[in-house]
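Worksheet for the structure shown next.
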Amino acid sequence: MGRPEPKPAADARLSALPDGTAGWLAEAREAARARARALGLPGRRDEYWRFTNPGPLVAAGAPGIADAAVAGDAEAFAGIDALRLVFRDGVFDAAASDAAALAGVEVVRLADAPRAGWARDLYGRLEAAGHLPVPRPLAAANTALAADGLLIRARTGAARPVMIVYRRSSGSSDGMLHHCVRLDAGARLTLVEAGTGAARLTTVTEVEVGEGAVFHHIRAQGPEEAPVAATHLFARLAARSEFRSFTLTANGRLTRNEAFVEIAGPGALAHLAGAALGDGAFHQDDTVFVRHAAEGCESRQVFKKVLRHGATGVFQGKIHVLPHAQKTDGYQISQALLLDEDAQFLAKPELEIYADDVKCSHGSTAGAIDATSLFYLRARGLPRAEAEALLVLAFLAEAVAEIAEPDLAAAVEALLDDWIGRHRG
């Protein structure tokens with residue numbers, strides 16, 4: 001049974017490409033526009049949208065927020081030495097950004113795509129390949145319509161991280177960004193994303209990790225008032241490469257983070273992790289697929305959520321092992337800590353294995369704070385709120401441990417501690 005045709009509003013939006021598009025980028029956008037039209041809009045009847053209402057992501061017009069919420073937008077990772085590149089309301093802000101000069105790394109704006117001929121073989125390619133087994137119409141629309149973004153190529157090891165900072169200056173804005181990242185063989189790059197930067201933001205990031213290359217990705221989504229965001233991370237890993245991605249989501253009305261990782265070369269490693277903290281009107285969805293298409297590879301999915309006062313967390317994760325991907329080591333865990341009876345956690349863990357020499361496992365649990373552990377801490381003189389805060393941090397520790405850089409891990413821990421401190425009781 002086919003998917004429905006796009007609604008007139010969506011079809012009209014897809015009818016024109018961004019101004020100035022030409023050459024290979026125009027061709028890639030045209031192909032993506034055809035994909036988006038064929039896929040139609042996501043709906044609650046779609047298998048991987050049944051836990052999350054896509055309405056706020058596809059409705060005409062961006063949701064509004066009070067200007068006071070914009071004033072509270074603070075940059076995470078402020079103390080990290082990094083090349084900072086700033087987007088404000090979904091548009092690159094050159095005045096607020098550092099000069100794009102980092103040894104061994106090339107950074108080009110999407111608007112200047114002809115200067116980055118290497119991106120021709122990447123832009124839209126991984127997104128197009130990521131629609132099986134799950135259609136991703138929002139990602140296809142982004143490839144067709146995104147007016148801004150970055151093309152980043154690491155030729156050697158980068159001495160410091162590249163940090164993309166998203167900021168807002170208006171109460172209501174709608175942003176769509178598309179980033180492409182390529183790591184040449186043996187290169188190393190850490191990419192940090194901080195903030196949300198629009199009342200409704202849709203991003204696509206395509207990452208090609210070359211043979212023996214190492215790519216680390218850390219993302220902190222906020223501020224807490226950020227209402228609607230959809231992110232898509234597509235990655236392809238060559239032989240003996242390493243890919244690590246961690247996302248922190250704190251509050252927000254609706255956030256959906258999708259990831260599709262193809263392990264295409266033998267001996268590669270892919271770790272994806274996330275921590276979500278929600279209080280009140282919060283809906284956060286992690287939909288993650290890892291495809292093992294080569295022998296002797298390892299993948300980990302570690303996702304933890306802390307929820308209270310009616311907040312909802314969703315995890316949909318899959319490990320897909322192809323017949324020739326022998327000696328696969330795949331691990332998946334998703335857990336939620338429900339701080340009251342109003343919060344809920346919806347999970348759909350999956351294994352699809354066609355090889356016979358593998359080690360794969362998955363598990364998913366949800367529950368309250370352990371009463372025995374809480375009693376133990378209180379019996380040693382800790383106030384209840386402080387004891388609960390320690391247990392929440394301990395619960396999240398397995399996910400945070402996936403961050404390889406100590407300074408970035410410490411920054412994330414500080415953000416977690418700050419959130420827990422402001423949401424006690």
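The values are calculated or read from the model by the stated rules, or taken from the named source; none is laboratory data. All of these numbers come straight from a predicted model, not from anything done at the bench. Don't worry about glycine lacking a Cβ; one is built from the backbone with ideal geometry, like all the others, and counts go over all protein chains shown.
Any idea how many residues of the range 293-311 are in a loop (DSSP other than H, G, I, E, B) and among the acidic types (D, E)? First the steps, then the outcome.
Residues of the range 293-311 that are in a loop (DSSP other than H, G, I, E, B), as a first pass: 293-297, 309-311.
Still in the running and among the acidic types (D, E): 295.
Result for the range 293-311: 1.
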When restricted to L177, L126, L138, the only residue within 24 Å of R35 (Cβ to Cβ), in contact with a Cys (Cβ under 9 Å, 6 or more places away or on another chain), in contact (Cβ under 8 Å) with a residue 60 or more places away in the chain and not in a loop (DSSP other than H, G, I, E, B) is L126
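Yes or no, residue by residue, for (1) in contact with a strand residue (DSSP E or B) (Cβ under 7 Å, 6 or more places away or on another chain); (2) of a type in the set (G, A, S); (3) modelled with pLDDT of 85 or more; (4) part of a loop (DSSP other than H, G, I, E, B):
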| site | (1), (2), (3), (4) |
| --- | --- |
| R44 | no, no, yes, yes |
| L57 | yes, no, yes, no |
| I65 | no, no, no, yes |
| D73 | yes, no, no, yes |
| F77 | yes, no, yes, yes |
| L85 | yes, no, yes, no |
| A100 | yes, yes, yes, yes |
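Residue check: is C297 crowded, with 24+ Cβ neighbours inside 10 Å, over 21 Å from Y48 (Cα atoms) and at pLDDT 95 or above?
Values: crowded, with 24+ Cβ neighbours inside 10 Å: yes; over 21 Å from Y48 (Cα atoms): yes; at pLDDT 95 or above: yes.
It is true that C297 is crowded, with 24+ Cβ neighbours inside 10 Å, over 21 Å from Y48 (Cα atoms) and at pLDDT 95 or above.
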T143: passes all of (1) surrounded by 23 or more Cβ atoms within 10 Å (Cβ to Cβ); (2) assigned to a loop (DSSP other than H, G, I, E, B); (3) among the β-branched types (V, I, T) but (2)
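Take the residues of the range 72-129 that are acidic (D, E) and more than 24 Å from Q221 (Cβ to Cβ): which is surrounded by the most Cβ atoms within 10 Å (Cβ to Cβ)?
E106
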Provide a single number: the residues in the range 250-266 that are under 19 Å from R300 (Cβ atoms) and either buried (at least 23 other Cβ atoms within 10 Å of the Cβ) or touching a Gly at 6+ places or on another chain (Cβ under 6 Å) (or both). 6
May I ask you to verify whether A146 is farther than 21 Å from G117 by Cα and of a type outside the set (D, E)? no
Test of understanding: among G171, G175, which residue is within 20 Å of the chain's Cα centre (by Cα) and at pLDDT below 95? G175
If you go through P137, P133, P227, the only one that is more than 25 Å from P114 (Cα to Cα) and crowded, with 23+ Cβ neighbours inside 10 Å is P137
If you take just the strands (runs of 3 or more DSSP E) that sit entirely in the range 313-425, which of them hold at least 1 residues that are within 24 Å of the chain's Cα centre (by Cα) and acidic (D, E)? 328-338, 344-353
Conditions (1) out of contact with any Gly (no Cβ under 8 Å at 6 or more places or on another chain); (2) buried (at least 24 other Cβ atoms within 10 Å of the Cβ); number of the one not met by V214: (2)
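What are the residues in the range 372-425 that are β-branched (V, I, T) and without any contact (Cβ under 8 Å) to a residue 24 or more places away in the chain, if any? Step through it out loud before you land on a result.
Filtering the range 372-425 down to residues β-branched (V, I, T) leaves 372, 392, 400, 403, 412, 420.
Listed by number, the list holds a single entry, T372.
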Subset of the range 151-164 [assigned to a strand (DSSP E or B) and either closer than 14 Å to L25 by Cβ or among the basic types (K, R) (or both)]: L151, R153
